[in-house]
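Report on the following structure.
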Amino acid sequence: MVGRDVTDRVRMQQRLVTADRLSSLALLAAGVAHEINNPLAYALGSIENARRSLQGAPPDATQALDALGTALEGIDRVRSIVRDFGMLSRADERSVQVVDVRTVLDSTLTLAGKEIEGRARVVRDYRPVPEVRMNVARLGQVFLNL
């Protein structure tokens with residue numbers, strides 16, 4: 001009787017499957033971010049134009065200006081989420097840049113906020129750290145996995 005330990009081979013296959021899934025997810029994220037950004041740009045431009053045209057209008061236009069301001073805040077929030085989502089999709093090995101690690105961590109926490117919400121309480125207690133030269137998407141993926 002001859003036996004072989006295939007534990008390492010099975011682990012490697014599992015890692016490859018996980019890497020393939022992450023690659024597919026990154027591709028999906030890039031596509032979704034692009035598709036959301038296009039109509040978002042139209043909505044943002046239209047709301048900003050409407051807000052500008054109401055500037056200096058009679059006092060009864062105040063409610064409309066407030067509503068447009070709220071809409072702009074919402075669109076800015078969506079744009080921020082899309083930007084953070086897109087950050088994770090750009091995992092090109094060569095795209096190394098100087099970044100503040102705290103900014104990447106904040107973006108990742110924003111993305112994972114709903115998932116973390118019911119499970120843990122995040123306390124952000126950042127200390128000054130030097131900027132580092134790295135791949136932002138890779139670091140974001142590490143933080144998201146943690």
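A few remarks follow.
- Mean projection area, nm², convex hull over Cα of region 6-47: 2.9
- Pair residue 51, residue 13: separation of 7 Å Cα→Cβ label points (nm): 5.6
- In region 1-42, trypsin sites (Lys or Arg not before Pro) in a DSSP loop with at most 16 other beta-carbon atoms within 10 Å: 4
- Taken about its Cα centre, the chain carries a charge dipole of about 560 debye when Lys and Arg each add +1 at the Cβ and Asp and Glu each add -1 at the Cβ.
- Isotropically averaged projected area of region 10-78, using the convex hull of Cα atoms (one quarter of hull area), nm²: 5.5
- For region 43-146, applying the loop criterion from DSSP together with a ceiling of 15 other beta carbons within 10 Å to the chymotrypsin sites (Phe, Trp or Tyr not before Pro) yields 126.
- Three semi-axes of the equivalent ellipsoid, region 38-129, Cα gyration tensor, whole Å, largest first: 34, 18, 13
- Measuring nothing but how far apart in sequence close Cα pairs (under 8 Å, 6+ apart) lie, relative to its length, the chain scores a relative contact order of 27 percent.
- Kyte-Doolittle mean at least -1.0, axial Cα span of 18 Å or more - DSSP H helices of the chain: 7-54, 62-89, 101-117
- Within region 1-90, GluC sites (Glu not before Pro) in DSSP loop having at most 13 other beta-carbon neighbours inside 10 Å: none
Read-outs throughout are calculated quantities, based only on the coordinates presented, and are distinct from any laboratory measurement. Since we're looking at a predicted model, the values are computed, not measured. Every residue, glycine among them, receives a Cβ derived from its backbone with ideal geometry; neighbour counts consider all protein chains shown.
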